[in-house]
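**Student:** First the structure, then my questions, so here it is.
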Amino acid sequence: MLKEVGGVCIQPRHRASCHCGSVELKLELPDGIVDPRRCDCSLCRRKGAVVASVPLSGIRVVKGGECLRLYQFNTHSAKHYFCANCGIYTHHQRRSHPDQYGYNVGCLEGVNPFAIPDVPTNDGINHPADRLGV
Ligand SMILES: [Zn+2]
């Protein structure tokens with residue numbers, strides 16, 4: 001977990017938004033930015049976003065829910081949401097942990113995702129769920 005990024009303290013209640021501002025999320029981040037990472041799967045390698053985790057109860061869409069579009073592929077178990085207007089990925093329900101959302105750290109207000117040191121890249125080519133044969 002990470003409670004401070006580049007000198008900016010992560011507030012337990014945080015706002016996130018897409019680029020055009022149509023979509024706004026409210027996040028509960030009592031533990032800061034949990035498990036920041038990138039992923040090299042076919043989708044994430046195209047997005048390049050730094051992603052962190054919250055329980056499903058930790059994200060509330062407060063504005064622009066009607067602008068969110070859902071994208072699914074492969075097993076169609078993960079749900080990837082993005083703004084229909086500006087195209088920015090905001091969050092997704094995870095395949096490996098369906099009880100969690102991953103969210104785009106770059107959408108957090110006041111947080112520079114590139115100021116997070118040593119962000120690992122997960123092996124999304126060999127997804128954990130594939131390795132288990134699920
Ligand atoms: Zn937008």
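**Student:** For the range 88-99, which positions are of a type in the set (S, T, N, Q) and either assigned to a loop (DSSP other than H, G, I, E, B) or without any contact (Cβ under 8 Å) to a residue 60 or more places away in the chain (or both)?
**Tutor:** Correct list: Gln93, Ser96.
**Student:** Can you spot a residue in the range 26-41 that is in contact with a Phe, Trp or Tyr (Cβ under 6 Å, 6 or more places away or on another chain) and modelled with pLDDT of 95 or more?
**Tutor:** No, there is no match, as no residue in the range 26-41 is in contact with a Phe, Trp or Tyr (Cβ under 6 Å, 6 or more places away or on another chain) and modelled with pLDDT of 95 or more.
**Student:** Looking only at the range 6-36, count every residue that is crowded, with 18+ Cβ neighbours inside 10 Å and either away from the ligand (no atom under 16 Å from the Cβ) or under 16 Å from Gln100 (Cβ atoms) (or both) and tell me the total.
**Tutor:** So the answer is 8.
**Student:** Hey, another quick one. I need the full set of residues from the range 52-62 which are exposed (fewer than 15 other Cβ atoms within 10 Å of the Cβ) and either within 14 Å of the ligand (Cβ to nearest atom) or part of a strand (DSSP E or B) (or both), in order please.
**Tutor:** Once the filter is applied, which keeps residues that are exposed (fewer than 15 other Cβ atoms within 10 Å of the Cβ) and either within 14 Å of the ligand (Cβ to nearest atom) or part of a strand (DSSP E or B) (or both), the range 52-62 yields Pro55, Arg60, Val62.
**Student:** If you go through the range 10-25, how many residues are modelled with pLDDT of 95 or more and in a loop (DSSP other than H, G, I, E, B)?
**Tutor:** So the count comes out to 6.
**Student:** Anything in the range 69-87 that is surrounded by 15 or more Cβ atoms within 10 Å (Cβ to Cβ), outside any loop (DSSP other than H, G, I, E, B) and within 16 Å of the ligand (Cβ to nearest atom)? List them, or say none.
**Tutor:** His80, Tyr81, Phe82, Cys83
**Student:** Another question, then. Does Arg45 satisfy being surrounded by fewer than 15 Cβ atoms within 10 Å (Cβ to Cβ), away from the ligand (no atom under 16 Å from the Cβ), part of a strand (DSSP E or B) and of a type in the set (D, E, K, R)?
**Tutor:** Considered against the rule, which asks whether it is surrounded by fewer than 15 Cβ atoms within 10 Å (Cβ to Cβ), away from the ligand (no atom under 16 Å from the Cβ), part of a strand (DSSP E or B) and of a type in the set (D, E, K, R), Arg45 comes out as no.
**Student:** Right, next: Which condition number in (1) surrounded by 13 or more Cβ atoms within 10 Å (Cβ to Cβ); (2) at negative phi; (3) not acidic (Asp, Glu) is the one that Asn126 fails?
**Tutor:** (1)
**Student:** Considering only the range 100-118, how many residues are outside any loop (DSSP other than H, G, I, E, B) and more than 16 Å from the ligand (Cβ to nearest atom)?
**Tutor:** Matching residues across the range 100-118 total 7.
The values are calculated or read from the model by the stated rules, or taken from the named source; none is laboratory data. Predicted model only: the values in this text are computed from it and were never measured. Positions of Cβ are generated from backbone atoms using ideal geometry, with glycine treated the same way; all protein chains shown enter the neighbour counts.
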